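Please read the structure below before turning to the comments.
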Amino acid sequence: MNALKIGDAWLHVEAALQPQRNVVYVNSLGSDLRIWDGVVQRLAARGWGALRYDLRGHGLSDLANPPRLIADHARDLAHLMAAVGLERACICGVSVGGAIALGLAQAHPERVERLVLCNTGAKIGTTDSWNARIAAVEADGVASVAEEVLKRWFPPQADPGLVALARNMLSRTTAAGYISTCVALRDSDLTEAARGVTVPTLCVAGELDGSTPPGMVRALQGLIEGADYFEIPGAGHLPCWQMPATLAERLAAILG
């Protein structure tokens, strides 16, 4: 376990880097770096290093000055890569993590050699939907929206033990950290960032994802010249956690 000061916040970071072959993993709203465990372990066996971290206000990371836009999260990521001496890597993000990956590619294209955009879109949700969720969390905490979120994250046939752990992880996210990232998603549109991507890109969808359904991921693919599309049958919103072997195999195939 490592703590690194990025700007005004101490971030929880795990880095196991290789000299040349590395993937940076970026989490979803309401989760932490553990959602990538299965993918990281499988790719490590193939010689790939990993950098992952808890977003501000998530997991063990400070919130400090709350990020207001996806660009603020992308700035954290750029500074984190610089702090660990990682000049360039494959950036793999899920949900808001995919939006952050797009933000990094727009602001710091020199740091991105490939993008893997999982269960995400150029614009996720609407102003009204985010405002309703923010109001609910302000009133009663993150636990009050957990059941609604979990229905979007996991299909009915998902492992109940996994769903229970996800409920705990989500519910224990601080209201302030959760709300700040909701605000960033509400107020950011990554359409132009997606259109500007010039590196090889894979867009990954879960067949049964209720948060960012396949149609949204297909639309994102259409914005990125030459992007590939991969849909995981039976997967919900977090295939990195629900079906890590399937996602890792696909990543290994494109990473080489």
**Request:** Using the number of other C-beta atoms within 10 angstrom as an exposure proxy, rank L255, L4, L247 with the fewest first.
**Result:** L4, L255, L247
**Asked** How long is the gain from E207 to I254 if the chain were fully straight, where each residue apart is worth 0.36 nm and the alpha carbon distance is subtracted?
**Response** 14.9 nm
**Asked** Label 7 Å along Cα→Cβ of R152; the range 221-253 residues with amide nitrogen under 18 Å?
**Response** 235-242
**Item:** Excluding exposed DSSP-loop GluC sites (Glu not before Pro) (at most 13 other C-beta within 10 Å), longest clean stretch of the chain
**Value:** 88-224
**Prompt:** Relative to the present Cα-Cα distance, how much length would full extension add between E110 and A136 at 0.36 nm per residue of separation?
**Reply:** 5.4 nm
**Request:** Report ³J(HN,Hα) in whole Hz for each residue of the range 101-112, in order, from the Karplus equation J = 6.51 cos²θ - 1.76 cosθ + 1.60 where θ = phi - 60°; Gly and Pro get x.
**Result:** 4, 5, x, 5, 4, 6, 7, 9, x, 5, 8, 10
**Request:** Counting other beta carbons within 10 Å of each Cβ, put I100, I6, I134 in order, fewest first.
**Result:** I134, I6, I100
**Item:** Net length gained if the chain between H79 and T191 were fully extended (0.36 nm per residue, minus Cα distance)
**Value:** 38.0 nm
**Prompt:** Counting pairs of alpha carbon atoms under 8 Å apart in space and at least six apart in sequence, what relative contact order in percent does the chain give?
**Reply:** 21 percent
**Message:** Under the rule of at least 5 residues apart or a separate chain, name every residue whose amide H is placed under 5 Å from the amide H of G206.
**Reply:** N119, I232
**Item:** Whether the range 160-253 is rounded, prolate or oblate, judged on the alpha carbon gyration tensor where a/c under 1.5 counts as rounded
**Value:** oblate
**Asked** What is the distance in Å between the Cα centres of the range 187-249 and the range 164-178?
**Response** 23 Å
**Fill in**
Pseudo-spin-label distance D159 to N65, built 7 Å along Cα→Cβ, given in nm, is 4.1 nm
**Asked** What fraction of the DSSP beta bridges in the chain is antiparallel, stated in percent and rounded to the nearest 5?
**Response** 30 percent
**Fill in**
Exposure proxy check on S129, S28, S188: fewest-to-most Cβ neighbours within 10 Å is S129, S188, S28
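Rule-based calculations on the coordinates, nothing more; no lab input. Treat the numbers as computed from the prediction; the structure is a model and nothing was measured. All Cβ positions, even for glycine, are placed from backbone atoms using ideal geometry, and neighbour counts span all protein chains on display.
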